[in-house]
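Please treat every number below as a calculation from the coordinates, not as lab data. For clarity, every value in this text was computed on a predicted model and none was experimentally measured. Cβ sites come from the backbone with ideal geometry, for glycine too, and all protein chains shown count toward neighbours.
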Amino acid sequence: MYPAPFEYHVAGSVDEAVTLLARYEDDAKLLAGGHSLIPLLKLRFAQPAHLIDVRKIPGLAGIREADGAIVIGATTTHWMLESSELLKKKLPIIPEAASQIGDAQVRNMGTIGGSLAHADPAADLPAVMLALDAQLTAIGPKGSRTIPASDFFVGLLTSALEPNEVLTQIRIPIPPAGTGSAYAKYPHPASRFALVGVAAVITLNGDTIDRARVAITGVGPTATRLPAVEQALTGKTAGEATLAAAAHHVSDDIEARADLQGSSEYKAQLASVYAQRALARAVERAHSARG
């Protein structure tokens, strides 16, 4: 099926994109990588009269270090995340997760901003951003505002972005010494979306878990943090028994959805298994980071 007719606009700046959104309101959609939007257009589930292409806006793509944080532009592609030497050194969980998105074609075109704004409940990067305590910057008619990742994913395919706002960058604090991170995923064999994906960021003080941030995707209506798992880890010795016990608390934080891939019981068990795998890998890397 072909998309419904639309008028195509190429924004030369963020301000121009915001102006076009304000002008056309509900009749407009932003286009970045297009891997979420174009299938909807082809099936005519979405029929905007205006498409606003933001891919060529200067300065909206790239990865840099600034003031103790990593700043990622919203139109940075998954391939750029996967191949970034800076991220591999400072935030290796991001290249690890990005390398598991879709296939090479998807990673070459899809963008981090598009993925986060689309808020797919089985996408990989939302869980990673939650575990990393990321801050997302959006610009609209009233100026710029910062949205914590913890407030950004509000429901099924729904983010905290206003209809007339453009997501411009993601800012992630560089974790302290002794921190390890990992993303463990069980992918759908066709789409490569996560049936279960768990992001874990662990900071050790000796053999004790000083700080834990854990988030999950693919199981509920949106990516979410797992505070019960984090509480079961914090202050405990980072041994196998601790990690296994903490992983069993996944069901305290989220009710697994039954779907065509399995029952709620199956999904809950899968979530516990992959939580333990992510935690074990994060702890191993935290030990390595200490030298």
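Gain on full extension, evaluated as 0.36 nm per residue between residue 145 and residue 7 minus their Cα-Cα distance, stands at 46.8 nm. Take the Cα of residue 266, step 7 Å toward its Cβ, do the same at residue 15, and the gap between the two points is 5.5 nm. For the chain, a Gaussian network of Cα nodes joined below 10 Å ranks 51, 43, 86 by mean-square fluctuation, and the top entry is 43. Rounded, prolate or oblate: which one fits the chain, using the alpha carbon gyration tensor with axes a ≥ b ≥ c (rounded when a/c is under 1.5, else prolate when a/b beats b/c, else oblate)? In terms of gyration-tensor shape, prolate. Count Lys and Arg as plus one, Asp and Glu as minus one, and take only other residues whose Cβ is under 11 Å from that of residue 238; the net charge is then -3. Taken along the Cα-to-beta-carbon direction at a fixed 7 Å, the label points for residue 257 and residue 192 span 2.2 nm. In a simple Cβ point-charge model (Lys, Arg +1; Asp, Glu -1; nothing else charged), the chain has a dipole of about 520 debye relative to its Cα centre. The phi-based Karplus calculation (6.51 cos²θ - 1.76 cosθ + 1.60; θ = phi - 60°) puts the 3J(HN,Hα) values of the stretch 112-124 at 5, x, x, 5, 5, 5, 6, 6, 5, x, 10, 6, 7 Hz, whole numbers, x for Gly and Pro.
Between residue 66 and residue 103, the C-beta separation translates, for a Förster distance of 25 Å, into a calculated FRET efficiency of about 0.20.
How high is the relative contact order of the stretch 137-291, in percent, counting Cα pairs under 8 Å that sit 6 or more residues apart?
That works out to 24 percent.
Listed by Cβ neighbour count within 10 Å, with the fewest neighbours leading, 284, 230 appear as 284, 230. Stokes-Einstein diffusion for the stretch 181-290 at 25 °C, viscosity 0.890 mPa s, with a Kirkwood radius from C-alpha pairs, works out to 179 µm²/s. The gain in end-to-end length when the residue 38 to residue 162 segment is fully stretched comes to 42.6 nm, 0.36 nm per residue minus the alpha carbon separation. Neighbour counts of other Cβ atoms within 10 Å put 103, 210 in the fewest-to-most order 103, 210. Near the amide H of residue 147, within less than 5 Å, lie the amide hydrogens of 136, 137, 138, all on another chain or at least 5 residues away, with H placed in the peptide plane.
Near residue 290, within a Cβ-to-Cβ distance under 15 Å, what is the net charge of the other residues, with Lys and Arg +1 and Asp and Glu -1? Spelling it out: positives minus negatives among the neighbours equals -1. Taking the chain as the region of interest, the number of lysine pairs whose Cα atoms are within less than 24 Å, with members eight or more places apart or on different chains, is 9. The simple Förster model, with R0 at 25 Å and r as the Cβ-Cβ distance, assigns residue 23 and residue 46 a FRET efficiency of 0.85.
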